[in-house]
Amino acid sequence: MNSAIVRGLLVRGMLAGLGAGVLAFVFAYFVGEGSVDAAIAFEEANSHHAASGEELVSRSMQSTAGLATGVLVFGVALGGIAALAFCFALGRIGRFGARATAALTALTAFLTVYLVPTLKYPANPPAVGNPDTLDQRTALYFLMIALSVLLGIAAVLLGRRLAPGWGNWNASIAAALAFVAAVTVAMVFLPSGDNVPNGFPATDLWEFRMASVGVQALLWAAFGLLFGYLAERVLEPRATASAGRGAELSAPAA
């Protein structure tokens, strides 16, 4: 794979991330903002400090332009990084085509970068979490991401090493079990970062966390599908064109 192809895939990955970000923003706005508003209302009702002055950024701006900017920028950055990971994974994890490799890359990234760390340190809405421990909780969360990614890479290497003697299926199962066991040990020994205040509605907390998972799942799923299609057109242009011509020839005449 030469530099021109890598550059083309990088650009298409960022475009796919942008498209996935648009879908994630729509989902976050209609599904997640309700629980955020409820959390802000709880914080204001239980705050012991009177609000002073005007807010620098209005709530309506935060929930529209601010949310869109954050999600779209994240989507573009995600798409670029995932596209580079796709370039590295293509042909190294099995005889998969562009679409299958893109789907596996997106699924693996969703599991290791988001879902596994979230099981230990779930997302919290406003009013949840002690501001004095914010730096500590942030460091723990990024530590969990690093551990999850490294353990995921180790599991892939273990599966490849075991495959010649055990077969692909058995090696994959063994590698997955080893990953789960290692992640479980890490979760047990890492300190907890959850400190929900007394009286905070459990329903609002649950809805916020489910919306957070939904945003990420939609983002990664949409990216995998969009980028798989775009990457296939870059890497397999002849096959794609031949398939299109074959469909035209086989179509009945009007």
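The values are calculated or read from the model by the stated rules, or taken from the named source; none is laboratory data. Keep in mind it's a predicted model, so treat the numbers as computed, not measured. Please note: Cβ atoms are built from the backbone with ideal geometry, for glycine as well, and neighbour counts cover all protein chains shown. Surface accessibility is based on the protein's heavy atoms, side chains included, excluding ligands, DNA and RNA. Shrake-Rupley method; radii C 1.70, N 1.55, O 1.52, S 1.80 Å.
Descriptive notes on the structure:
- Scope the stretch 1-31; condition among the small types (Gly, Ala, Ser), surrounded by fewer than 21 Cβ atoms within 10 Å (Cβ to Cβ) and in contact (Cβ under 8 Å) with a residue 60 or more places away in the chain; matching residues: Gly8, Gly19
- Selection within the stretch 198-226: residues that are over 14 Å from the mean Cα position of the chain (by Cα) and open to solvent by less than 40 Å² (accessible area, probe 1.4 Å). The member of this set that is nearest to Gly8 (Cα to Cα) is Phe208.
- Residue, modelled with the lowest pLDDT, within the stretch 93-142, restricted to residues that are farther than 23 Å from Leu162 by Cα and among the polar types (S, T, N, Q): Asn130
- Beta carbons closer than 9 Å, at least 6 apart along the sequence or on distinct chains, pair a first residue in the stretch 104-128 that is under 23 Å from Gln62 (Cα atoms) and β-branched (Val, Ile, Thr) with a second that is modelled with pLDDT of 90 or more and open to solvent by 20 Å² or more (accessible area, probe 1.4 Å) for Val128/Phe208.
- Phe189 being aromatic (Phe, Trp, Tyr), at pLDDT 95 or above and out of contact with any Lys or Arg (no Cβ under 6 Å at 6 or more places or on another chain): no
- Residues in the stretch 72-127 that are open to solvent by 40 Å² or more (accessible area, probe 1.4 Å) and under 11 Å from the mean Cα position of the chain (by Cα): Phe74, Leu107, Thr108, Leu111, Val113, Leu115.
- Just so you know, in the stretch 164-181 the residues that are out of contact with any Gly (no Cβ under 7 Å at 6 or more places or on another chain) and within 17 Å of Val116 (Cβ to Cβ) include one that is most open to solvent (accessible area, probe 1.4 Å), and it is Leu177.
- If the condition is being of a type in the set (Ser, Thr, Tyr) and either touching a Phe, Trp or Tyr at 6+ places or on another chain (Cβ under 6 Å) or not in a helix (DSSP H, G or I) (or both), then the stretch 2-47 contributes Ser35, Ser47.
- Total residues in the stretch 128-163, condition of a type in the set (S, T, N, Q), part of a helix (DSSP H, G or I) and open to solvent by 50 Å² or more (accessible area, probe 1.4 Å): 2
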